[in-house]
Amino acid sequence: MKIAPDRLREMLRLMYRIRAFECRARQLFEENRLRGSFMGALHSYEGEEAVAVGACVALRSDDYILSTHRGHGHCIAKGVDVRFMMAELLGKETGISKGRGGSMHMFNPALGLLGGNGIVGGGIPLALGPAFSAQYRHTDQVTVCFFGDGAACQGNFHESLNLASVWKLPVVYICENNQYAVTTPAHESIAVANVADRAAGYGCPGEVVDGGDVLAVYTAVTKAVQRARESAGPTLLECKTYRYQAHCMVIPDRRDPEELARWREEHDPIYHFEQYLLDRHIMDEAQQSELNEQVHETVEEAVTFAEASPLPNPNTVVEHLWAED
Ligand SMILES: Cc1ncc(C[n+]2csc(CCOP(=O)(O)OP(=O)(O)O)c2C)c(N)n1
Ligand SMILES: [Mg+2]
């Protein structure tokens, strides 16, 4: 698939931004948790960047996404300003959810971001709503629903995929199979070799994708989006990937350190894409450093913005909790 050089470099920028954001958020979490100023849990997306970026770059800005508890990458790839995300992590009034949501509850309907979710698999049935709405309104908007390998074992996964297929709803289901649900390996909880194999049971296409290859993800999602826009129904994509950090920042990592080292050394999505761009002279080393520096500046500005922002006024604690007329 031919992709313009500018767009390819933009994909790398987004991957850098996600990695830098996650590293900085992790530092803030460590520094602040004892002081209690970091709001809620933190699930790092480091290592999985190619999935969010490959998928979201294949979308239009008016397409919808449903995110997860590990959702910072989805938000950044869909175009959210990292200042408002960082402020949300610190529970500030300027946060994307006005400091009420924290890491797992970032929303921006104007960008099609219909929210993260602290309930594993919670976004899977919700995705049917915007998809049905688009079909009913005769727009050709597509809904992308991200979820993990653990979520793929929830009952609502089966019900939702069946309904989406029966009604030919414009949804692209993207399973981010990072091989574990907390500490449970996917092969101990999934009866078939691939989550994508389950698509046969719902009469829709299913495909296993290398989740470390941003272009493979982009290509697969582009095809699935096309199918959805043409009213041909949903697709189930399973992106095989790996997370670099423990499940969240407070649960000890029980994975084999050698396995983790192997994934980092042999399958790092950012390293592979950098090499791809350098080898084909789509980017030179000077451009690469500039891109990296810009991203780090952007993330530092976000930290400064977040730290300088006020906490919500306690008198407003019950505001923004329900939809307003
Ligand atoms: C309904 C529900 N059950 C259990 C949990 C606790 N929990 C949080 S994350 C998680 C694992 C999810 O694994 P997966 O779907 O593979 O996503 P990953 O964390 O690997 O990205 C669990 C069991 C929860 N938040 N919601
Ligand atoms: Mg998982």
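Averaging Cα coordinates gives a centre for segment 150-173 and one for segment 93-149; these two points are 15 Å apart.
Of all DSSP bridge pairs formed entirely within segment 5-304, close to 10 percent run antiparallel. In segment 133-226, the DSSP beta bridges split such that about 25 percent are antiparallel, to the nearest 5. Helical content of the chain, expressed as a calculated mean residue ellipticity at 222 nm, amounts to -13500 deg cm²/dmol (DSSP H runs of 4 or more residues, -39,500 (n - 2.57) each, divided by residue number, nearest 500). Remark on Ala181: its backbone amide H falls under 5 Å from those of Ala186, a criterion applied only to residues 5 or more positions apart or on other chains, H modelled at 1.01 Å from N. Could you list Leu89, Leu113 in order of exposure, starting from the residue whose Cβ has the fewest other Cβ atoms within 10 Å? Listed from fewest to most nearby Cβ atoms, that is Leu113, Leu89.
Let me know the number of lysine pairs in segment 5-304 closer than 21 Å at the Cα, not counting same-chain pairs under 8 apart. Value for segment 5-304: 5. Assuming a ≥ b ≥ c are the square roots of the Cα gyration tensor eigenvalues, decide whether the chain counts as rounded (a/c under 1.5), prolate (otherwise, with a/b larger than b/c) or oblate. Judged from the Cα gyration tensor, the chain comes out rounded (a/c under 1.5).
Rule-based calculations on the coordinates, nothing more; no lab input. All values derive from a computational prediction rather than experimental measurement. Here Cβ is always computed from backbone atoms with ideal geometry, including for glycine, and neighbour counts include all displayed protein chains.
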